[in-house]
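Below you'll find the structure, written out as structure tokens, and then a few comments.
The values are calculated or read from the model by the stated rules, or taken from the named source; none is laboratory data. This is a predicted model, so every value here is computed, not measured. Note that we place each Cβ from the backbone using ideal geometry, even for glycine, and neighbour counts take in every protein chain shown.
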Amino acid sequence: MNMRKGSVVGFISLLAMLLAACSGGGGASPQAPASGATFNVVATEFAFNPNTFKAGVGQPITFKITNNGQVDHTFVIMGLDGKEAAKASIKTGATETLQFTPTAAGDYPIICNLAGHKAAGMTAMLSVK
Ligand SMILES: [Cu+2]
């Protein structure tokens, strides 16, 4: 167990070093890289791009949501119970990070929960297997 975790961490460290090397060292992040998937999402009026995401059960997911729209937006992941599971509010021009680890397989709807935005098309889907 410990050895296994160690190799995963080692692998991620190696990945991080490779990424840092590729970026020329100019923009290396000071934070330790999170394991799991990272999705970059752009919010505008009235859509998320991309709007489909796939992940595995227990896999930590990091959403980096940039609001390129003219008004504020939210990024709300709905749990399989129909309740809000995770939420980020993104002001226009800002980027917010939202972390979520799905604990069960299924389709998790993602919406902007501001009045009228979901109906106008601000929806996405996280499919977990
Ligand atoms: Cu919105």
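What residue, among those in region 90-129 that are within 16 Å of the ligand (Cβ to nearest atom) and under 12 Å from I61 (Cβ atoms), is surrounded by the fewest Cβ atoms within 10 Å (Cβ to Cβ)? The selected residue is L98.
Checked against the criterion of being at pLDDT 95 or above, among the hydroxyl-bearing types (S, T, Y) and more than 13 Å from the ligand (Cβ to nearest atom), region 71-89 contains not a single residue that satisfies it.
Every test in (1) in contact with a Ser or Thr (Cβ under 7 Å, 6 or more places away or on another chain); (2) touching a residue at least 60 places away in the same chain (Cβ under 8 Å) is passed by T74 save one, and that test is (2).
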